[in-house]
Amino acid sequence: METRINIGQLEPVAYKALMGLETYLAATTINKTHKELIKIRASQINGCAFCINMHTIDARKHGETEQRIYLLNAWREVANLYTEEERAILALTEEMTLIANGGVSYETYNKAKSIFDENQLAQIMMAIITINAWNRMAIATQLQPA
């Protein structure tokens, strides 16, 4: 498999716009652990090797444990390893990433809304949207892990 086109080089304005979302997300109240859990879980679902590699490395740098990274794709099966906040974020990440499978359920949305205020919820949703955009770009262009 070889990398295809480089969107960042060919369409720098578009790439810069997507990077603008990253700049926005860096200034949000979402903590680093939550951001990395969102990025890793969406990337696992989408099968984005480049992003899984990058964000598991980043998560470790921010203090994430190997066990939590390894068990992330089975988070529902593990009691007490992920907080209530993290579980709400992961459920929302899965449903937004798999949006074609019926959208975001009332149960998932209402659970997240009961934990986070509306601004935090909007920020979390934007983080999910952003990593899904990066995943699609990396997969479509066959971007390879370093």
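The values are calculated or read from the model by the stated rules, or taken from the named source; none is laboratory data. Please read these numbers as outputs of a predicted model, since none were measured by experiment. All Cβ positions, glycine included, derive from the backbone under ideal geometry; neighbour counts span all protein chains shown. Protein only, heavy atoms only, side chains kept; ligands, DNA and RNA dropped before computing areas. Shrake-Rupley method; radii C 1.70, N 1.55, O 1.52, S 1.80 Å.
Per-structure values
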item	result
1.4 Å probe accessible area per residue over the chain, in Å²	58
Prolate/oblate/rounded label for the chain (Cα gyration tensor, a/c 1.5)	prolate
Relative contact order %, the chain, counting alpha carbon pairs below 8 Å whose residues are six or more apart	39
Accessible surface of the range 15-146 [probe 1.4 Å, protein heavy atoms]: carbon and sulfur percent	56
Computed magnitude of the charge dipole of the chain (debye, nearest 20; Cβ of K, R +1, Cβ of D, E -1)	220
Three-way shape call for the range 26-101 based on the alpha-carbon gyration tensor, with the a/c threshold at 1.5	rounded
